[in-house]
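> I am attaching a structure below and will ask some questions about it afterwards.
The values are calculated or read from the model by the stated rules, or taken from the named source; none is laboratory data. Everything quoted here is computed from the prediction, not taken from an experiment. When we count neighbours, we look across all protein chains shown, and the Cβ atoms used for this are built from the backbone with ideal geometry, even at glycine. Areas reflect the complete protein model, heavy atoms only, side chains present, ligands, DNA and RNA absent. Shrake-Rupley method; radii C 1.70, N 1.55, O 1.52, S 1.80 Å.
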Amino acid sequence: MKDLFTLDIKNYLPQWNKEKRDSSRGIIIAKGKKVLPFSPDDKISLVFAKYQGYYKFPGGGIHADEDRIDALIREVSEETGLSVIRKSIKEFGKVKRFQKSTHSECTIFEQESFYYFADVEDKIHEQNLDSYEMDAGFELRTVTIKEAVSTNMQYKSKDSFDLLMIARDTSILQLLIGNKPEPSKQFAHFLLNEGASLHPGPWKLHSIEVAESAEKIAKAVVKNGGNLNSDKAYVYGLLHDIGRRFGVTYLAHVIDGYDYLSAMGFENAARICITHSFNLQTIEDYIGKKDVSDNQLEKIQSLLDSYEYDDYDRLIQLLDSTCNADGTKNLEKRMEDVKNRYGYYPHAKYDKNFELKTYFEKLMGKDFYTVLQ
């Protein structure tokens, strides 16, 4: 089955014990042409957890004595009361998941989730829910894919197990309508907090400052008739330095962040990990040590060459050069701080940042610093 993406939080040690539980999950398109990509307005049958407020694909764990298809049919029946038509089942793809177990110490939870398209019979029988599913209030709902994505993107929980489950299924929903998966604000905060707990430093507060500033500017652009999604801007700001979760590095944090997020399927956020440091779109733009291999250096430049910068790239470039971890927001002062730390600041890069400041002031119709207050 095709590999779709891998949610690997890397918040564990490789020598820990392993706890594996694979699952089968059903994609049941209720109304639509049933041809990829689906329309956001096509309807899909999902499980809604009414006491927690999220949608998930019907399905669950594969028993030791079951094959994937039998597990799919059983799980869909138990969670929704729908009967899958066996001959209609077709493969979509699988998702791998790795994270620190939430109930066993020094244990890695591993899972492969196998997603199948399936048609169902018209008749609906009684659900057969376990205690966890009853506590969550599992019920069958048929909603538009757009509505399911929107609901899940607002979902909040302190339970990392549930967060990953919802992030996984939300990414699948986005793939079904031909979109690149985007992490929710809550999931982005989870990734940032996990990373900062592994390698603390001012980069966490800096990332939050960039995120909050990006959200303010995006909202101001929209208010002035422009087109920027404030949630996306916030998430991209929050995750632009996520490569620093791997330790104190220089250029390496750019490619480490890109590799980390792109493996999860978050290609747009991964792109910002690359572009935020290069407002001139060249590797020579970087200030600091080039602590990467020749192959990594070539990969970074190749990626830069392949991109056509958009306003999200430009926005995070500007704010990365403006926002300090201490909450101050002054472009010229921060660039001077960088110059004092590294001994230089390229003149062309300096000028480009002020060009970006003017660019966004025109988009907002307001002074840059007034919006950031």
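> Based on what the data block shows, is D305 outside any helix (DSSP H, G or I) and open to solvent by 40 Å² or more (accessible area, probe 1.4 Å)?
In short, no.
> Sort out which residues of the range 1-47 are open to solvent by 50 Å² or more (accessible area, probe 1.4 Å), under 18 Å from F114 (Cβ atoms) and assigned to a strand (DSSP E or B), and write them in order of number.
D3, K20 - these are the residues of the range 1-47 that are open to solvent by 50 Å² or more (accessible area, probe 1.4 Å), under 18 Å from F114 (Cβ atoms) and assigned to a strand (DSSP E or B).
> Consider the range 256-269. How many of its residues are surrounded by fewer than 23 Cβ atoms within 10 Å (Cβ to Cβ) and free of Cβ contacts under 8 Å to residues at least 60 places away in the same chain?
3
> For the range 325-348, what are the residues that are open to solvent by 20 Å² or more (accessible area, probe 1.4 Å) and either closer than 16 Å to K216 by Cβ or touching a residue at least 60 places away in the same chain (Cβ under 8 Å) (or both)?
A325, D326, G327, T328, K329, N330, P346, A348
> Can you find even one residue in the range 150-157 that is part of a helix (DSSP H, G or I), polar (S, T, N, Q) and farther than 19 Å from L239 by Cβ?
yes
> If you don't mind, another one. Scan E194, E209 and give me the residue that is touching a residue at least 60 places away in the same chain (Cβ under 8 Å), open to solvent by 10 Å² or more (accessible area, probe 1.4 Å), within 20 Å of K96 (Cβ to Cβ) and not hydroxyl-bearing (S, T, Y).
Exactly one of E194, E209 is touching a residue at least 60 places away in the same chain (Cβ under 8 Å), open to solvent by 10 Å² or more (accessible area, probe 1.4 Å), within 20 Å of K96 (Cβ to Cβ) and not hydroxyl-bearing (S, T, Y), namely E194.
> If you take the residues of the range 92-109 that are more than 14 Å from R25 (Cα to Cα) and of a type in the set (G, A, S), which of them is most open to solvent (accessible area, probe 1.4 Å)?
Looking at the filtered set, the residue picked out is S104.
> Among the residues that make up the range 27-34, is at least one of them modelled with pLDDT of 95 or more and under 22 Å from the mean Cα position of the chain (by Cα)?
yes
> Could you please let me know if E112 is open to solvent by less than 80 Å² (accessible area, probe 1.4 Å), without any contact (Cβ under 8 Å) to a residue 12 or more places away in the chain and not small (G, A, S)?
no
> Is it the case that some residue within the range 58-69 is touching a Ser or Thr at 6+ places or on another chain (Cβ under 9 Å), without any contact (Cβ under 8 Å) to a residue 60 or more places away in the chain and of a type in the set (V, I, T)?
Taking every residue of the range 58-69 in turn, at least one turns out to be touching a Ser or Thr at 6+ places or on another chain (Cβ under 9 Å), without any contact (Cβ under 8 Å) to a residue 60 or more places away in the chain and of a type in the set (V, I, T).
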